[in-house]
Structures are given as C-alpha cells and as structure tokens.
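In what follows, a single structure is set out as structure tokens and then discussed.
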Amino acid sequence: MSIPRMAAIAGLLLVSASSARADGAATFQAQCAKCHGEHGKSDTAISAMMKVPALAGDAKVAGMTDAQVAAAVKGNEKHPPTVKSLGDAEIAEASTYAKGLAAAK
C-alpha cells in the first residue's frame, strides 16, 4: 500500500474518531448532563437531590472498558427512560465521552 493511500486512510480514521467524540459529547450534554453535570462533576440541583455520583475523576469508571461503561449505563435502574431508549451507538459514544471525563483530573 502506498504512503499517500495509508495517509488518506489514517485521516479518515481520525475524522471518524473525532466525529464519534463530538457525537458522544452532544449525547452526554443532552441526556446525561442533567444529572451528572456538564463536566461530569454532578453539580446540578438534580444531582444533589438524587445523590448522583460524579464521573469526573472517578478512577473506577476511568479503568473500565468502553463496553463496561456502556453496560453500566444500560443496566442502571436510576437512568431515565430517555437514556435507556438511546441506541447502542449513542450509548457507546456517550460512554467513551464519560470515560474521558472520569480520566480527567
């Protein structure tokens, strides 16, 4: 395979990954931030009332695989129906974004 072709493929992969992160951020802001906070710090009125755990800096979440985080989102009985009705791709993208928040200091 030629170098220009490999560079083109790498560029497409980077654009795809960047798009998934952007989609994950949008889904998180629309569906998760209401309770977990815009930056995953659980700093909303709903967070305090429902004792929602912060995602930011959570070593346990940061150490999970994307699939484990997605499974935790799907399996959490406290999540509202709007979150549970998201498609697998949306949950996976938002889970990846949440893992990024968890890994942040």
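What follows is calculated from the coordinates using simple rules that are stated; it is not laboratory data. Since we're looking at a predicted model, the values are computed, not measured. Counting neighbours? That spans all protein chains shown, and the Cβs are built from the backbone with ideal geometry, glycine included.
Using the alpha-carbon centroid of each, what span in Å lies between the range 39-55 and the range 66-80? The range 39-55 and the range 66-80 have Cα centres separated by 16 Å. Placing dummy labels 7 Å off each Cα toward the beta-carbon, the span from K78 to D66 is 2.6 nm. Neighbour counts of C-beta atoms inside 10 Å place D88, D23, D43 in the sequence D88, D43, D23, starting with the fewest.
Distance between the modelled labels on A103 and A48, one decimal in nanometres: 3.2 nm (7 Å Cα→Cβ projection).
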